[in-house]
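The values are calculated or read from the model by the stated rules, or taken from the named source; none is laboratory data. Quantities reported herein were computed from a predicted structural model and do not represent experimental measurements. Every residue, glycine as well, gets a Cβ built from its backbone with ideal geometry; the counts of neighbours run over all protein chains shown. In case anyone asks, the SASA skips ligands and DNA or RNA and just uses the protein heavy atoms, side chains included. Shrake-Rupley method; radii C 1.70, N 1.55, O 1.52, S 1.80 Å.
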Amino acid sequence: MTVNELQKELQLTYLCGKEVAEEKEIDGCYCGDLLSWVMSRAQSGNIWLTVMGNVNSIGVAVLADISCIILTENAALDEDAKKRAIENDVVILTSPKNAYELSAEISKLI
């Protein structure tokens, strides 16, 4: 499944990266907000569910080769983070749902 397909299935809102979402494949999901923990445990191709919409999150996503970040509970994305995400082709989506609700739905799809 691609990020674009996931976005359509779950009716997520793009914050940035829509133009590269079709080429990003998803093979798992990781939930967490402690950046060092995510950096050492999330795997390449994972969706990352978090409320952390800051520039450091973008760095973690790039290092871990995350397929996309989904900001849960409509968490805000900083302007600096959005700029960095665009520069690094990081797809960021948002949802009003919490991490539990989204992960349950994602597990049915992938």
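When we measure straight from the Cα of Lys24, which lysines land under 16 angstrom away, once same-chain ones fewer than 8 places off are left out?
Partners within reach: Lys8.
Roll a 1.4 Å probe over the protein chains and send me the accessible area per residue for the chain in Å².
Numbers: 5800 Å² over 110 residues.
Averaged over the residues of the chain, the accessible area is 53 Å².
Could you name the aspartates and glutamates whose alpha carbon sits less than 14 Å from that of Lys83, not counting residues in the same chain fewer than 8 places away?
The qualifying aspartates and glutamates are none; the list is empty.
Report, by chain and number, residues whose modeled amide H sits under 5 Å from the one on Thr13, excluding near sequence neighbours (fewer than 5 apart, same chain).
Under 5 Å from the amide H of Thr13 lie the amide H atoms of Thr94, each far enough along the sequence or on another chain.
Within segment 1-73, list the trypsin sites (Lys or Arg not before Pro) lying in a DSSP loop whose Cβ has at most 11 other Cβ atoms in a 10 Å radius. Don't skip to the end; give the middle numbers.
Working: sites: Lys8, Lys18, Lys24, Arg41; in loops: Lys24.
Answer by residue number: there is no such site.
Return the whole-Å distance between the Cα centroid of segment 1-50 and the Cα centroid of segment 54-110.
What the calculation gives is 6 Å, centre to centre.
Leaving out ligands, DNA and RNA, and with a 1.4 Å probe, what % of the accessible surface on the chain is carbon or sulfur?
Numbers: 2730 of 5800 Å².
Accessible surface attributable to carbon and sulfur in the chain totals 47 percent.
Return the distance in nm (one decimal) between the two label points of a simple spin-label model at Glu9 and Met39, each offset 7 Å from Cα along Cα→Cβ.
Here the modelled spin labels are 3.1 nm apart.
Divide by every residue of the chain the summed helix terms, -39500 (n - 2.57) for each DSSP H run of at least 4, and state the resulting mean residue ellipticity at 222 nm, rounded to the nearest 500 deg cm²/dmol. Walk me through the numbers on the way to the answer.
Working: 5 runs with 45 residues, N = 110.
Counting only the DSSP helices, I get -11500 deg cm²/dmol.
What list of ³J(HN,Hα) values in whole Hz, one per residue of segment 28-41 in order, does the Karplus curve 6.51 cos²θ - 1.76 cosθ + 1.60 (θ = phi - 60°) give from phi, with Gly and Pro shown as x?
Each residue of segment 28-41 in turn: x, 9, 9, 10, x, 10, 8, 4, 5, 5, 4, 4, 8, 10 Hz.
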